[in-house]
Amino acid sequence: MTGSKENDRQAEPIFVTRPSLPSLEAFTESLRQIWDTKMLTNAGPFHQELEHRLGEYLGVEHVSLVNNGTVALIIALQFLERRGEVITTPYSFVATTNALIWTGFTPVFVDIDPMTCNLDPARIEAAITADTVAILPVHCYGNPADVEAIQAIADRHDLHVIYDAAHAFGVRDNGKSILGCGDLSTLSFHATKVFNTFEGGAIISRDAAAKTRIGHLRNFGFVDEVTVVTSGMNGKMSEINAAFGLLQLKHVSEEIEKRRIVSEYYRQALDGVQGVDCLAVADSVAGNYGYFPIFVKADFRIGRDELYDLLKSNGIYSRRYFYPLISSFPMYRDLPSARPANLGHAIRIANEVLCLPIYADLDLETVDKIVDLIENG
Ligand SMILES: *Cc1c(COP(=O)(O)O)cnc(C)c1O
């Protein structure tokens, strides 16, 4: 036992994210209520209250909870009741495209705008064919996709739009929730996300009829005890997850504010470091600071992977979100739209990106240490 307390703390690994948890006492009290009522799942009281409170918090009317963000995508795609091609981004978590395969759609990759890391609307129309059914963009890092341009294209070609909004919990643009865009938006409440229910997710829909149909799709297709109207799946969130989510929701604003401080601190500290760019986000956007991506350019003193290794050997676990690109995985790389010549920006960004640790309780001294390692090795 030689090291000082300070050294002991520094020896702890710093991961890219770390969830904040409610007090164990509060959660125990929720569990006691579940034990008392014996309502464990199937839209019990915690589930109903969480849907209601999330609607209030997010500024949307129709929230349907599900058991994870991938199931949210699968149910949202199943909702379309059509099959064909769906235009999507290769620069995302693999679940975005996997969900298309699970629902029988053909993914068509379109390149990103390197400034936003989001689907480039200027390239979407060239990818539309007679078989195109929908567009599945992602609000990458919680930075809103170009929702107006995408909606205009969708309207012109009679396409559906489903947003994978897994990164966009609570994000607003000009004061308005971006979760109301498109036909549907899906959220993930996985442990690594800004708001989590251990595992969980939600679908945001535009009207009560859509919410009702999503309710059927997530519960085997049941309308009542004897009526099944669709080949639905089991996408239900349990009462334990919903109760936990209600406790998390109480402090999520505070968490996001703490993340904002960390994010701004990084930005200032990294300003002027040669060869390191941060993501530009419009002033009109109130983000959630779920990720802190940097882009390691050719004129940085070492390569991106060398920087990743350097941080790792110092106990700092950054992540290369999103590398490799979805389009380079064996299931997708033979698609015509996956050819590298089609995805030049996404390929470059995937080779430059590094997401640095960010979470509410990340102390600014650790940020200093990370920036010092980046700058000086
Ligand atoms: C996390 C994530 C998902 C999947 O959500 P799960 O809740 O882990 O199933 C889907 N898309 C994106 C962009 C994600 O980041």
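The values are calculated or read from the model by the stated rules, or taken from the named source; none is laboratory data. Given the structure is predicted, the values throughout are model-derived calculations rather than measurements. Because the Cβ atoms are built from the backbone with ideal geometry, glycine has one as well, and the counts that use them run over all protein chains shown. SASA here: full protein model, heavy atoms, side chains in, ligands and nucleic acids out. Shrake-Rupley method; radii C 1.70, N 1.55, O 1.52, S 1.80 Å.
Points worth noting:
- Helix-only mean residue ellipticity at 222 nm for the chain, each DSSP H run of n ≥ 4 adding -39500 (n - 2.57), per residue, nearest 500: -11500 deg cm²/dmol
- Solvent exposure of segment 24-249 amounts to 41 Å² per residue of accessible area, where only protein heavy atoms count and the probe is 1.4 Å.
- Largest first, the residues 199, 85 sort by 1.4 Å accessible area into 199, 85.
- Nearest-10 value in Å² for the accessible area of residue 267, using the 1.4 Å probe: 90
- With all protein chains in place and ligands, DNA and RNA left out, the 1.4 Å accessible area ranks 190, 216, 47 as 190, 216, 47, largest first.
- Share of carbon and sulfur in the accessible area of the chain stands at 52%, probe radius 1.4 Å.
- For residue 176, a cut-off of 16 angstrom between C-alpha atoms picks up these aspartates and glutamates, skipping any fewer than 8 places away in its own chain: 56, 61, 146, 148, 283.
- Per the Debye calculation on the chain with a single equal scatterer at every Cα and no solvent contribution, log₁₀ I(q)/I(0) for q = 0.07, 0.08, 0.13, 0.15 Å⁻¹ amounts to -0.32, -0.42, -1.09, -1.37.
- Among 40, 151, 188 - extreme Cα towards positive end, dipole of segment 24-249, charges at beta-carbon: 40
- Phi-based couplings in Hz for segment 101-108 (Karplus 6.51, -1.76, 1.60; Gly and Pro marked x): 5, 4, 10, x, 8, 9, x, 10
- Remark on residue 321: its backbone amide H falls under 5 Å from those of 355, a criterion applied only to residues 5 or more positions apart or on other chains, H modelled at 1.01 Å from N.
- When +1 charges are put on Lys and Arg Cβ atoms and -1 charges on Asp and Glu Cβ atoms, the dipole computed for the chain relative to its Cα centre reaches about 580 debye.
- Restraint check, 258/312; 193/312; 236/312, Cα-Cα greater than 32 Å: 236/312
- Accessible surface of residue 16 - all protein chains present, 1.4 Å probe, nearest 10 Å²: 20
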